[in-house]
Structures are given as C-alpha cells and as structure tokens.
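J.: The structure under discussion is supplied below as structure tokens; questions concerning it will follow.
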Amino acid sequence: MDLLNTLVDKGLRRELPTREEALAVLATSDDDLLDVVAAAGKVRRKWFGRRVKLNYLVNLKSGLCPEDCSYCSQRLGSTAGILKYTWLKPDEASRAAAAGLAGGAKRVCLVASGRGPTDRDVDRVSETIKAIKDGNEGVEVCACLGLLSDGQAERLREAGADAYNHNLNTSESTYGEITTTHTYADRVDTVNKAHAAGLSACSGLIAGMGESDEDLVDVVYALRELDPDSVPVNFLIPFEGTPLAKEWNLTPQRCLRILAMVRFVCPDVEVRIAGGREVHLRTLQPLALHLANSIFLGDYLTSEGQAGKADLEMIADAGFEVEGAGQVTLPEHRVAAGGGCGSHASAGCGSEEGAGCGSHESARCGSHADGGVCGTAAPAPTPGTEASAPAGEPRTDLVAVRRRGAGTDLAPNA
Ligand code: SF4
C-alpha cells in the first residue's frame, strides 16, 4: 500500500506525516491490519530495536480528588469502589517500588491524585524519590502529581526526579467536554514547565472516550509539537461509578490502529501502552509490542493488570526483550539533544488507568515538522472493506478494582 510505504519512509527519517495520512491509518480495514502493524513495526525497530521498557506505577495517594475528569475513577463524585488513601510514607512507597524493580521495571512512576501538589506535597515526594534512589542504583523516577506551580518542577528535578508526566488526554477542542475544573492550556503549561526544568517530559492521551478520529489525530499532533520523550497511550477503562461508564468504544483492532498512528507521528519517542491494555487489546496484546516499546508492569493506579509474570512471558514469547537498567531507552539523537533518561538524563512516566490524573489515570509525546509533506494522498478505503466500526462490547468482566499493593497489606503485582 502506497500509504504505508510513505509512512515507513517518513518514520525512518523522523519526518512528520500529513494529517490525511494519520487519519488514513485510523481508517484502514481489518483486512489491512497486519500490514499496518508490520509497517509501524519497522519504524519501531529502527528506533528501539526489540526492546520493551517496563515501568511500574506506585499510587502515592488514591481517590478523594476535587477535580472532575470524567474518565477518572478518583474524580469528584466517583462512586467507583476504588481504594482511597492519603499519602504513602516514603518507606511504604519505596517498598512498593522495590517490588516492581525486582520484577524487571527500570522506571518507577510516582502518581498522586489531586489537581496539583502543594509545596509540602513536593517535599513529601522529594523524600520518597530520595528513598527510592538511595536503595536502587540506576532507577529512573517519574513524578505525576498534576498541575505544577512555578518552581515545583525545578524542586522535583533537584530531588532526583528524572521525568514528569502530565497527559493532554484528548484534543483541545473537546477538552471541555471531559473536564471542567481545569483546561487544556493548564495541561500544556505543566508539560512545558517540566521541559523547562530539565525533566524528561512524558505526556500522552486516552482513547475511547467518544472522540472522533480527528480528535485523536489532533491530540497526537499536539503531543508531537510539545516534544515529550514518552507518550503513554491509554485506552479508557469505563469504570462503573464514573460518567464514562458506558463508553465501550474500542476493539482490539482499533487499539492497534491507534498505536500505529501514534508511532508514525512520533516515530522516535517512547510509546507506552498504558491503562486499558488488557481490557481492550486482550489476546492481541503481543501484536501491540510491534508498535509500542514500553508498557506498565503489573497493576495500574486503581485497577489490576495481568500478572507481572504474564507480562514477562508475553514479551519473551513475542520475540522481544526486556530493556535492562544499563540500556538507554531513547535513540542517540534524542539523548544528545538533552532528552530522555536514557541514562539518565531523564525520560517519562505516564499512566493511568484509562482514566486518570493530573493526569493520571487513564491511565496515561514532539517536534518539528520537518516540513515534509509528501502529499501522498490517503487512499479511500475500498468499498466493503472500511475499518470495522469502532464499537466494542462491554467487558466489565475484565475490569478489576485494585485491591493489592500500595495502600493495602497485600503484596503488589509485579
Ligand atoms: S485525572 Fe487526576 S486530576 Fe483528574 S480527577 Fe483523576 S486524580 Fe483528579
């Protein structure tokens, strides 16, 4: 297919596809799905080989949020039966992080519900970062605490944070339909603050909230413009007790097309499959490894993931390898440009549940239009082979509220 050849060539050159090309990926048919995966897989292998980076979430503070993000089980008014607790102590968070690191993770993502941290909260998280770094040489730490005030990103950087996550989540034009208590511009501001402080920026999206293909392309192009080092792609987990509980819009095939589109638009960025992986990709998860180079190990913020052992087996069975602590995640040119924790400059967290905070939950990428508009027009789908309607069956049977790990007496999943 001319479209895919063009997108592979652009991805290998880090050239921005046209919006029409990105939209055409989302409109491909199920008959073309493996061709799409193979094409985006070439771009993924060019920049990240067969490595899969494992990240581990520690929910430092769960629920009780005053914000109203509709996708989030921790939102104001949520009746989802999630764990609710206030700040974990540094030693408690450090123990949870150690379980993930022992399971193979190289990055710990410290997430807290809420609009944004107070200065006292930044102190607490700084103590936690130090506790984790003192006990685990080479670990990357990403903080995800919501909207940042002036100076807070710098303080987190001084405390040893490598990265900061804050997702855009959806397009600017639909943001107000998802959240009313803060704005899209607030989110952009926080990503820029993280960048300016020398933190590796991590920012991504949530798919499956009823958005159009144009919205998805808008948010991914906005992310490329912000130039984060990592882009978490969340697939909405429609929690009972939240306004989006009935939004079961995704199919495994749709999720793969979305991940392929993100890879073509952000070719050399860490693309992470975040919340909703198990719920929406289901048995097609291994195919998604050809598109994304990063996943979360174990559980999410408020929901349970598949067993950490199953994650590791899936990676090995699919012919990929877990990225080691000594390996640099990002391509050399990004590290040279000051991005990425690759080692240790920084690099990013980001997830959530398909839902969220600070973005976090929904669970939870930059650039440079090189100008390269190749103008290859997106071909119209052949009649009768249009992409299957983006509607999925409710799979509430696959949604389990997290009852182990941080904030409980039970061992974490890692
Ligand atoms: S996404 Fe973050 S800010 Fe929004 S309701 Fe959830 S915890 Fe609060």
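The values are calculated or read from the model by the stated rules, or taken from the named source; none is laboratory data. These numbers come from a predicted model, not from an experiment. Don't worry about glycine lacking a Cβ; one is built from the backbone with ideal geometry, like all the others, and counts go over all protein chains shown. Side chains are part of the model used for accessible areas, which takes the heavy atoms of the whole protein and leaves out ligands, DNA and RNA. Shrake-Rupley method; radii C 1.70, N 1.55, O 1.52, S 1.80 Å.
J.: With +1 on the Cβ of every Lys and Arg and -1 on the Cβ of every Asp and Glu, and nothing else charged, how large is the dipole of the chain about its Cα centre, in debye rounded to the nearest 20?
T.: Dipole about the Cα centre, nearest 20: 940 debye.
J.: Compute the separation of the alpha-carbon centres of segment 68-101 and segment 264-289 and state it in Å as a whole number.
T.: Value for the Cα centre distance between the two parts: 23 Å.
J.: Using only the Cα atoms of segment 156-260, what are the Rg and Dmax in Å?
T.: 14.4, 43
J.: For segment 302-341, state the average projected area of the convex hull of the C-alpha atoms over all orientations, rounded to one decimal in nm².
T.: Taking a quarter of the hull surface, the average projection is 4.5 nm².
J.: Just the number: Rg to Rh for the chain, Cα atoms, Kirkwood Rh, two decimals.
T.: Result for the chain is an Rg/Rh of 0.94.
J.: Pop the C-beta distance of ARG120 and LEU410 into the FRET formula with R0 = 25 Å and round what comes out to the nearest 0.05.
T.: 0.30
J.: Can you tell me the convex hull volume per residue for segment 117-206, based on C-alpha atoms, in Å³ to the nearest whole number?
T.: It is 90 Å³ per residue.
J.: If the reach is capped at under 16 angstrom between alpha carbons, list the lysines near LYS46, excluding any in the same chain fewer than eight residues apart.
T.: Correct list for LYS46: LYS10.
J.: For segment 84-133, divide the Cα radius of gyration by the Kirkwood radius and give the resulting Rg/Rh value with two decimals.
T.: My calculation puts Rg/Rh at 0.98.
J.: Can you divide the C-alpha Rg of segment 255-348 by 2.2 N^0.38 Å and report the result to two decimal places?
T.: So the Cα radius of gyration is 1.12 times the expected 2.2 N^0.38 Å.
J.: Taking only protein heavy atoms and a 1.4 Å probe, what accessible area per residue, in Å², does the chain have with all protein chains in place?
T.: 34
J.: Follow-up question, since we're still on this one. Counting only protein heavy atoms, what percent of the accessible surface of segment 122-272 is carbon or sulfur at a 1.4 Å probe?
T.: Carbon and sulfur atoms account for 44 percent of the accessible area of segment 122-272.
J.: Which log10 I(q)/I(0) values, to two decimals, does segment 1-160 give at q = 0.10, 0.17 Å⁻¹ under the Debye formula with one point per Cα?
T.: -0.58, -0.97
J.: As I understand it, the dipole of the chain uses +1 on the Cβ of Lys and Arg and -1 on the Cβ of Asp and Glu, about the Cα centre. Which of GLN253, THR396, GLY339 lies farthest toward its positive end?
T.: GLY339
J.: Further, regarding this structure: Taking every DSSP beta bridge with both residues inside the chain, roughly what % is antiparallel (nearest 5)?
T.: Once the DSSP bridges in the chain are tallied, antiparallel ones form about 10 percent.
J.: Roughly how many percent of the accessible protein surface of segment 1-66 is carbon and sulfur, given a 1.4 Å probe and a whole-percent answer?
T.: For segment 1-66, the apolar C and S fraction of the accessible surface comes to 48 percent.
J.: Can you tell me what percent of all Cα-Cα pairs in segment 94-165 are more than 19 Å apart?
T.: In whole percent, the share of Cα-Cα pairs in segment 94-165 beyond 19 Å is 27.
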